Amino acid sequence: MCGIVGGIAQRNVVPILLEGLRRLEYRGYDSAGLAVVNGGELHRKRELGKVQGLAALVEADPMPGLLGIAHTRWATHGKPSTANAHPHTSGDKVAVVHNGIIENYAVLKAEQLAQGYEFTSQTDTEVIVHEVFGALRTAGNLLAAVRQAVQKLSGAYALGIISADEPDVLVACRKGSPLVIGVGIGEYFIASDVAALLPVTQRFMFLEEGDIAALRIGSVEIYNADGQRVERPIRESLLSPDAVDKGAYRHYMLKEIYEQPTAIAQTLEGRFINHRLQESAFGHNAAQMFDEVKAVQILACGTSYHAGLVARYWFEELARIPCQVEVASEFRYRKPMLAADTLVVTISQSGETADTLAALQEAKKLGAKYSLTLCNVPESSLVRESDLVLMTRAGPEIGVASTKAFTTQLVTLMLLVMALGRRFQLDAALEAKITAQLFSLPQKIDKVLRLNDPIRLLSEQFAEKNNALFLGRGAHYPIAMEGALKLKEISYIHAEAYPAGELKHGPLALIDADMPVITVAPNNSLLEKLQSNMEEVSARGGQLIVFMDETLVPAVNGAVQMIKVPQVDNEISPILYTIPLQLLAYHVAVLKGTDVDQPRNLAKSVTVE
């Protein structure tokens, strides 16, 4: 959840650290801090709030250094405060930045208190730095001390560690949380995400589970979980430094909403020959695995879970393949039944979602033979853990509220429906029809984006609202769920989604003139039923807002506000109808003055349980 940056160079690393933190601020923005070694001493600054506050401190009192680590925090243990901000230090000699959770920190803390260590924070991280400091007494050097200390840690961590007594080395390690090494010319950097280091390098090494690395000027040593010296390949990032800039947009979220036509085109590119999906896009042995699959189990969290719920309708309706969808954090803690011929599909923007990764590992323990991940980040943990992979190619998504990651996930899920469906009841004619629809999506989304101004005007009605209800039917019920999630994430309006048919089973009691009811109403076989549900809202004086196919007229008495969505075929309409709901949430949040890209209490990559 937090963001780590570090570096060792023959130049002042502080500006690099601060720029890296700015680029990682989507991962956490409760507090920020940095530490450098200079003149045989450790210098540290920390500040509550966002990175700009830390930058102001450094500008007012510069602290240059050739070796340093920095951190932007999303609180897990201990409230947001300067005292709880990273880096944490021990003996004024060792400093640590940490992403993850140390599960046995209470036991370690009790031991360390008995040994005379003083604690200045409420964090679990502080036990790590004391453990390293203590190990230095016998280990002889920082690398050996870190290797000794992490043996006592239970949980997940990515660590950057420096010592005032060793100004020529930066030690990094990972277990359960991502960490990359940026390779410069005679200099090295670490970060939670390649985006942080794009201004200084586009060459990266990805640390694997259990790796510990020692970075020095001109060299890097990496040891695996067994303590053996290993080499990790250097990979070239295709991202440009400005790929994570807002450009002319006010917020990253708005930029990413408008990037969806391009992102979807990139998702489709190169995966079809003569308009036929190539199964090799999923992996070189995908066809063989798909031949043996009899059912699908989808595991995901949050927005990715909603994508999975849409796909369940597609798998069962279009291809007639049994499909189950479960929140990953629930799957891993119950006793599910999973047939060996089930394809376990995990969905994650970051590929580091802790619950989803653990759920996949649990599925394998239960005997699942085949796994596939849909992900936006190459070299991520889920990608490495899965048999097959289909990258969404959404590009960097900085806004905490997912937009283009969600729609590209839906597109890749439809590709999977097509590939598996060939072995079931999805015939060639329907596959060709869906293919044509998918390639038409970028143009159709461009048309939907032209609704921005009327949706912005509509958002003014939410200025004084505290609650909202979203309705949908069939595959559009998960789209209503996603719309409600977007609204609550960034505007802090309490929003719920229901299948429209459930209104009379309880939610109808909430309807009054002050309750906006947002309805997703494409032109499909459930429209007549949906209109009946809308009539129930209207008859009770509800404030009805309908996103409806442009060819239709709502057959509802009373006041209805309608946003006409361009006509779209039923198979891909869930993808298209999510766009206006994204725009609605965005404009409501702007109107309410919330932090659109960095909403309170949330962070982008949920790498802790």
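Laboratory data are not the source of any read-out in this text; all were calculated from the coordinates shown. A quick note: this is a predicted structure, and the numbers were derived from the prediction, not measured. Cβ: placed from backbone, ideal geometry, glycine included. Neighbour counts: every protein chain shown.
Mind ranking 219-231, 284-296 by how tightly packed they are, going by the mean number of other C-beta atoms within 10 angstrom, highest first?
284-296, 219-231
Along its principal axes, what span do the Cα atoms of the chain show, with the longest given first and each in whole Å?
Dimensions of the chain along the principal axes of its Cα atoms: 77, 56, 43 Å.
Over 17 Å, how big is the tail of the calculated P(r) for the stretch 66-128, in percent of all Cα pairs?
On the way: 753 of 1953 pairs.
Counting every Cα pair in the stretch 66-128, those more than 17 Å apart make up 39 percent.
Let a ≥ b ≥ c be the square roots of the eigenvalues of the Cα gyration tensor of the stretch 227-295; is it rounded (a/c under 1.5), or, if not, prolate (a/b larger than b/c) or oblate?
It comes out oblate by the Cα gyration axes.
If I histogram all Cα-Cα distances within the stretch 3-236 using bins 5 Å wide from 0, what percent of pairs lands in each bin?
1, 8, 16, 21, 22, 17, 10, 4, 1, 0
From the Cα gyration tensor of the stretch 237-390, with a ≥ b ≥ c the square roots of its eigenvalues, which class applies: rounded if a/c is under 1.5, or else prolate if a/b is larger than b/c, or else oblate?
prolate
Apply the Karplus parameterisation 6.51 cos²θ - 1.76 cosθ + 1.60, with θ equal to phi minus 60°, to every residue of the stretch 458-473 and state each ³J(HN,Hα) to the nearest whole Hz, in sequence, with x for glycine and proline.
4, 4, 4, 6, 9, 4, 10, 8, 10, 9, 7, 10, 10, 10, x, 10
If we count other beta carbons within 10 Å of each Cβ, what is the order of 216, 600, fewest first? Numbers along the way, then the final one.
Details: 216 15, 600 11.
Arranged by neighbour count, lowest to highest, 216, 600 become 600, 216.
Indicate, rounded to the nearest 5 percent, the antiparallel portion of the DSSP beta bridges found entirely in the chain.
Taking every DSSP beta bridge within the chain, about 60 percent pair in antiparallel fashion.
Sum up the lysine pairs in the stretch 3-236 that clear both bars: alpha-carbon distance under 21 Å and a spacing of 8 or more or different chains.
So the count of such lysine pairs works out to 9.
Relative contact order, percent, of the chain when contacts are C-alpha pairs under 8 Å separated by at least 6 residues?
On the way: 1375 pairs, mean separation 71.1, N = 609.
Relative contact order comes out at 12 percent.
Using a ≥ b ≥ c from the Cα gyration tensor of the stretch 444-520 (square roots of the eigenvalues), is it rounded, prolate or oblate, where a/c under 1.5 gives rounded and otherwise the larger of a/b and b/c decides, a/b for prolate?
oblate
From the helices alone, meaning DSSP H stretches of at least four residues, give me the mean residue ellipticity at 222 nm for the chain, per-run term -39500 (n - 2.57), in deg cm²/dmol to the nearest 500. Present the calculation step by step, with values, prior to reporting the outcome.
Numbers: 18 runs with 209 residues, N = 609.
Mean residue ellipticity, 222 nm, calculated: -10500 deg cm²/dmol.
Amide H to amide H, which residues 5 or more places from residue 323 or on other chains are under 5 Å from it, using H placed in the peptide plane?
Residues meeting the amide H criterion: 296.
Among DSSP beta bridges lying fully in the stretch 121-210, give the percent that are antiparallel, nearest 5.
So the antiparallel bridges amount to about 90 percent of the total.
Between Rg and the Kirkwood Rh of the stretch 252-592, both from Cα atoms, what is the Rg to Rh ratio?
Working: Rg = 19.6 Å, Rh = 20.3 Å.
Taking Rh as the inverse mean 1/r over Cα pairs, Rg/Rh reads 0.96.
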